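**Q** Below you'll find the structure I mean.
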């Protein structure tokens, strides 16, 4: 049986762990995630975390700076309601189209109001009118999501037109600082005390991660 505390200590100390341990941990995580529903209804306080892209030491810094409770929501080209999302079969390879693909690969954009195919090759770009319909159908006020690099760690969509009243509807949260060890971006998590009170916690790259030091020295 894998000693998880010992394995964690080895990772922090930059020691390699055997392949069997990696497989054991992956299988255990799979067992836990299979038991979770597609949708979780939770009350605050909640910390919303975006992509971390396997940057382990930045994950440790994230834990230190905040906490971890929730995954972001995203919007597909069919205006899903909660019942439909709850019943998506997620235990499969991501297909090239359909609801599961669109939930994963679709992104907001300020450039359109409705839908347009995504340059990713899967999913869609969606605009403000799509967001308004999704929020109304699901009786929501805000979408928090990830999946797009945000240089400041977060980005509020649909606030760029100076003639429109500012109403916060969609926020992208990015939690991998110095993404791929080359982007020099900040990272953030979004903490909700309740549905009306939130704050961003911003942080940079972990000083304990040798990968950051290596790539930064390569750029000098």
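**Q** Return the pair list, or none, for Cβ contacts closer than 6 Å from residues in the range 170-193 that are farther than 12 Å from residue 65 by Cβ to residues that are assigned to a helix (DSSP H, G or I), at least 6 apart or on different chains.
**A** 170/131; 178/212; 181/211; 181/212; 181/215; 182/215; 185/179
**Q** For the range 194-220, which positions are outside any loop (DSSP other than H, G, I, E, B), farther than 22 Å from residue 109 by Cα and modelled with pLDDT of 85 or more?
**A** Within the range 194-220, 198, 199, 201, 202, 203 meet the criteria.
**Q** Filter the range 39-67 down to the residues that are closer than 22 Å to residue 8 by Cβ and in a strand (DSSP E or B) and list them by number.
**A** Once the filter is applied, which keeps residues that are closer than 22 Å to residue 8 by Cβ and in a strand (DSSP E or B), the range 39-67 yields 47, 49, 51.
**Q** Okay, next question. Please indicate, with yes or no, whether at least one residue in the range 108-116 is part of a loop (DSSP other than H, G, I, E, B), touching a strand residue (DSSP E or B) at 6+ places or on another chain (Cβ under 8 Å), assigned by TED's automatic domain parsing to the domain that holds residue 199 and modelled with pLDDT under 85. Explain how you work it out, then say what you get.
**A** At the first step, the residues of the range 108-116 found to be part of a loop (DSSP other than H, G, I, E, B) are 109-114.
Still in the list and also touching a strand residue (DSSP E or B) at 6+ places or on another chain (Cβ under 8 Å): 109, 111-112, 114.
If we keep only those that are assigned by TED's automatic domain parsing to the domain that holds residue 199 too, we end up with none.
No, the conditions are met nowhere in the range 108-116.
The values are calculated or read from the model by the stated rules, or taken from the named source; none is laboratory data. Remember, it's a predicted structure, so these values are computed and weren't measured experimentally. All Cβ positions, even for glycine, are placed from backbone atoms using ideal geometry, and neighbour counts span all protein chains on display.
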